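A.B. asks: First the structure, which I've put down as structure tokens, then a few questions once you've had a look.
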Amino acid sequence: MTINRPDKLNALNIQTIEDIKLAFEEIYDDTSIKGVIITGAGEKAFVAGADISEIAELNELNARNFAESGQEVFSSIENCHKPVIALVNGFALGGGCELAMACHLRVATANARFGQPEVNLGIIPGYGGTQRLTQLIGKAKSFELCMTGDMINANQALTLGLINYVLESPTEALAKCEEVLNKIISKAPVAIGLVIDCVNAVSNEQENGYQTEANGFAACTKTIDFAEGTSAFLEKRKPEFKGE
Ligand code: COA
């Protein structure tokens, strides 16, 4: 999936958020789609934030709805049972950093820059940035990035645990995304979906993640893929998973 507004550094306007929402509805439903790589068009940016020309028009009444609708779309990415990888090829600022963080993994090019610069505009992150950044890199660094608005480069993001890999060029980064995605989609799909649920349970205070894990573990034993995976190991052959 390519966010395609390169003349605006792929800034997310309301239409783009709606397009992402519709795309993910299709990704959820279409059994021929096994995984997703999200990137930005052009050479400069993944996504340089929410569209500031739209943000400038917000007031207290519609701003809450603006934030909540974006949060809902980003949660649908995070909770998707198919692996979603962000290929961060340049600026990932504000909503762009938030979009990347909603994905399950992040692969960046060496020119990638990450940041939550909203305080420069007199606002705070609204698409989950304060929460996901803190979950990924801890409070000290999350406070620093959200309060200074500073950008960090790809190697700093790697050191902080914000991203999974840094590759020199977009071509190498895409190859890395495909390598990881192909590895994940060769595993049992039901198990992958349950891993996603369990890891996400950590950030849901209403949910007991250990319980979610035990329930998921038990649910796996009802699948054909569980029988296939265990038999294949015992028979010393490669498993062929069906997603059932
Ligand atoms: N919303 C709307 N338009 C944006 C945008 C955003 N978040 N980010 C970039 N653009 C637009 C610029 O206005 C410019 O449009 P124009 O050519 O019609 O004037 C175009 O994209 C190119 O951006 P420009 O600022 O000229 O590129 P740059 O290389 O000089 O700077 C950035 C790149 C990313 C440092 C700079 O664009 C920036 O700071 N963007 C805003 C980042 C931000 O605050 N994001 C959080 C928003 S909540």
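The values are calculated or read from the model by the stated rules, or taken from the named source; none is laboratory data. Since we're looking at a predicted model, the values are computed, not measured. Using ideal geometry, Cβ is built from the backbone for each residue, glycine included, and neighbour counts are taken over all protein chains shown. SASA here: full protein model, heavy atoms, side chains in, ligands and nucleic acids out. Shrake-Rupley method; radii C 1.70, N 1.55, O 1.52, S 1.80 Å.
A.B. asks: Counting only the heavy atoms of the protein chains, how much of Arg106 is accessible to a 1.4 Å probe, in Å² to the nearest 10?
C.D. replies: 10
A.B. asks: Can you tell me the alpha carbon radius of gyration of region 1-74 divided by the globular rule-of-thumb value 2.2 N^0.38 Å?
C.D. replies: Taking N as the residue count of region 1-74, the ratio is 1.20.
A.B. asks: In addition: Carbon and sulfur together cover what percent of the accessible area of the chain at a 1.4 Å probe radius?
C.D. replies: Summing carbon and sulfur atoms, their accessible area is 55 percent of the total for the chain.
A.B. asks: Oh, and also: In nm, what is the difference between 0.36 nm times the number of residues separating Lys238 and Tyr28 and their Cα-Cα distance?
C.D. replies: Additional length available on full extension: 72.9 nm.
A.B. asks: Which value, in debye to the nearest 20, describes the size of the charge dipole of region 58-169 about its Cα centre when Lys and Arg Cβ atoms bear +1, Asp and Glu Cβ atoms bear -1, and nothing else is charged?
C.D. replies: So the magnitude is around 240 debye.
A.B. asks: Can you pull the accessible area of Glu240 for me, 1.4 Å probe, Å² to the nearest 10?
C.D. replies: We get 130 Å² for Glu240.
A.B. asks: Mind jotting down the distance between the C-alpha centroids of region 191-244 and region 1-29, whole Å?
C.D. replies: Using only Cα atoms, the two centres lie 30 Å from each other.
A.B. asks: Which value at 222 nm does the chain reach when only helices count, each DSSP H run of 4 or more adding -39,500 (n - 2.57), with the total divided by all residues and rounded to the nearest 500 deg cm²/dmol?
C.D. replies: Taken over the chain, the calculation gives -15500 deg cm²/dmol.
A.B. asks: If I model region 85-131 as equal point scatterers sitting on the Cα atoms and use the Debye formula, what is log10 I(q)/I(0) at q = 0.18, 0.29 Å⁻¹?
C.D. replies: So the normalised log intensities are -0.50, -1.04.
A.B. asks: Here's another thing I want to ask about it. Would you count, across region 1-123, every pair of lysines whose alpha carbons are under 23 angstrom apart, provided the pair is eight or more residues apart or spans two chains?
C.D. replies: 5
A.B. asks: For a quick check, take a GNM of the chain with Cα springs below 10 Å and name the residue from Gly96, Gly128, Gly209 with the largest mean-square fluctuation.
C.D. replies: Gly209
A.B. asks: Output the direction-averaged projected area (hull surface divided by four) of the convex hull of the alpha-carbon atoms of region 158-244, in nm².
C.D. replies: Projected area, direction-averaged: 8.0 nm².
A.B. asks: Leaving out ligands and nucleic acids, and using a 1.4 Å probe, what accessible area per residue does region 38-190 come to in Å²?
C.D. replies: 46
A.B. asks: Using alpha-carbon positions, what is the distance between the centroids of region 99-152 and region 59-81, in Å?
C.D. replies: Spelled out, the Cα-based centre of one part sits 16 Å from the other.
A.B. asks: Continuing with the same structure: Can you list the lysines whose alpha carbon is less than 21 Å from that of Lys236, not counting same-chain residues fewer than 8 positions off?
C.D. replies: Lys183, Lys187
A.B. asks: Work out the charge dipole of the chain with +1 on the Cβ of Lys and Arg and -1 on the Cβ of Asp and Glu about the Cα centre, then indicate which of Gln71, Gly40, Ile124 is farthest towards its positive end.
C.D. replies: Towards the positive end, the residue furthest out is Gly40.
A.B. asks: Out of all DSSP beta bridges in region 20-170, what portion is antiparallel? Express it as a percent rounded to 5.
C.D. replies: 10
A.B. asks: Another question, if that's okay. Students sometimes get this wrong: rank Val195, Val202, Val107 by accessible area, probe 1.4 Å, all chains present, largest first.
C.D. replies: Accessible-area ranking of Val195, Val202, Val107, largest first: Val202, Val195, Val107.
A.B. asks: From the Cα trace of the chain, what convex hull volume per residue do you get, rounded to a whole Å³?
C.D. replies: Cα-based convex hull of the chain, divided per residue, equals 137 Å³.
A.B. asks: Ok, one more. Might you report the magnitude of the Cβ-based charge dipole of the chain about its Cα centre, with Lys and Arg at +1 and Asp and Glu at -1, to the nearest 20 debye?
C.D. replies: Taking the Cα centre of the chain as origin, the dipole is about 800 debye.
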